Amino acid sequence: MIKVEIELLKACYGDCIFLTVSNDNKEFIIMIDSGTSLTYIRRGRYGRTENGPLKTKLNQLKAEGKAIDLLVITHVDDDHIGGALEWFKDQIPTADFVKQIWMNDDVEVTITKGLDNTSSQAASLKKILEENELSSVNQIIKGKIYPFEWGRILVLAPTAEKHNKISEDIGNELNNAVNDRYNENIKDLLEEKYDYGKCSKENDASMAFLLQTNDGENCLLLGDANIDIVMDSLKHTDGIILPLKCRWVKLSHHGSKNNFSPELLEMIEAENYIISTNGLKFGHPDKEVIAYLVDKTNAKLWFNYRERAERMFTQQDKQNYPVEERIKFFD
């Protein structure tokens, strides 16, 4: 029997996900994104440097004699690439510890603004990989299929023409950062016409993929991908039968309304949805998305920050829906 386990690190407003695929007493470990720089190392009390959850996890893997079989950088936003930059500047991993890297890095960028700039971060990580002769696989684009002993990964996004787009200033691209409607009731939100905005350039470039095991388990991992591209792939990829039964679905862009469509819920039947964010910088997840998940599905909603979930539902929501039974946490 093949088993997939998911661990969601506390990555501030970003993503840092570990999947372990167990097959015949062998483990295949996939790390997806690395959160912000604070996910790797941060300042603690009295200004002392302390390990973040990513560095703690990496040390644990080393102590257990384990390795990362596949490291995926879905795109170059700082909340997905920042932790890897800190890690690689602190300690370059050996090829035995990080066996394969996926990163769409075929861009040439002149560093002019420092590492807080998304373009600079992409260029810096690319430079680190090249200087240390760490190979990476690019052209990870829609339609590609990668077989493994335990199953396969089907790439759903980005498209070939979007895969190397990057943003010069991600802060200017996010137009729903202050959208906080948590004090509104789910049923009231559902009466509105759902209207999602334009996906930003860097999110157009985000990888999204479907992990399928030989036992038939599906895990949909959407990065920050454009939901229209994802849904088109689900409709037109050989081997995908709709509605697709998924054990896990990691929501695109931390549950942003700009990266979700109610139509997705007609295409998949998920047991669990993952929301990865503390919400402090950009206000994710948007309650409009959560409203559809609560009302239109019976799935459990998994958060990596307890306080984000606990302030999301009104008393009326709790009377109308069994939300407290369906909210779960990666502690």
Note to self: PHE282 - would you say it is closer than 20 Å to ASP232 by Cα and of a type in the set (Phe, Trp, Tyr)?
What the structure shows: no
Item checked: Neighbours by Cβ (under 9 Å, 6+ apart or cross-chain): first from the range 303-331, more than 18 Å from ALA291 (Cβ to Cβ); second among the acidic types (Asp, Glu) -> ASN304/ASP331; ARG306/ASP331; PHE330/GLU7
Next item on the list: Taking ASP90 as meeting all but one of (1) buried (at least 18 other Cβ atoms within 10 Å of the Cβ); (2) in contact (Cβ under 8 Å) with a residue 40 or more places away in the chain, write down the number of the exception.
Entry: (1)
Item checked: Inter-residue pairs, beta-carbon under 6 Å, first surrounded by fewer than 24 Cβ atoms within 10 Å (Cβ to Cβ) and in the range 56-83, second assigned to a loop (DSSP other than H, G, I, E, B) and among the aromatic types (Phe, Trp, Tyr), 6+ apart -> ALA67/PHE97
Note to self: Please determine whether any residue of the range 232-246 is in contact (Cβ under 8 Å) with a residue 60 or more places away in the chain, within 13 Å of the chain's Cα centre (by Cα) and closer than 30 Å to GLU27 by Cα.
What the structure shows: no
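Of the residues THR39, THR49, which is of a type in the set (Val, Ile, Thr) and without any contact (Cβ under 8 Å) to a residue 12 or more places away in the chain? Lay out the reasoning, then the answer.
Working: THR39 fails: without any contact (Cβ under 8 Å) to a residue 12 or more places away in the chain.
Of THR39, THR49, the one residue that is of a type in the set (Val, Ile, Thr) and without any contact (Cβ under 8 Å) to a residue 12 or more places away in the chain is THR49.
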Check: Is the range 214-223 home to any residue that is farther than 24 Å from VAL21 by Cβ and touching a helix residue (DSSP H, G or I) at 6+ places or on another chain (Cβ under 7 Å)?
Finding: no
Margin query: Anything in the range 282-296 that is part of a loop (DSSP other than H, G, I, E, B) and small (Gly, Ala, Ser)? List them, or say none.
Written below: GLY283
Check: Does the range 20-35 hold any residues that are more than 16 Å from ASP215 (Cα to Cα) and out of contact with any Phe, Trp or Tyr (no Cβ under 6 Å at 6 or more places or on another chain), and which are they?
Finding: ILE29, ILE30, ILE32, ASP33, SER34, GLY35
Note to self: For a quick check of your reading: which strands (runs of 3 or more DSSP E) sit entirely within the range 185-281 and have at least 3 residues that are surrounded by fewer than 22 Cβ atoms within 10 Å (Cβ to Cβ) and of a type outside the set (Val, Ile, Thr)?
What the structure shows: 244-250, 268-275
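Bear in mind these aren't lab numbers, they're just calculated from the coordinates by the rules spelled out. Everything numeric here is computed off the predicted structure, so don't read it as measured data. When we count neighbours, we look across all protein chains shown, and the Cβ atoms used for this are built from the backbone with ideal geometry, even at glycine.
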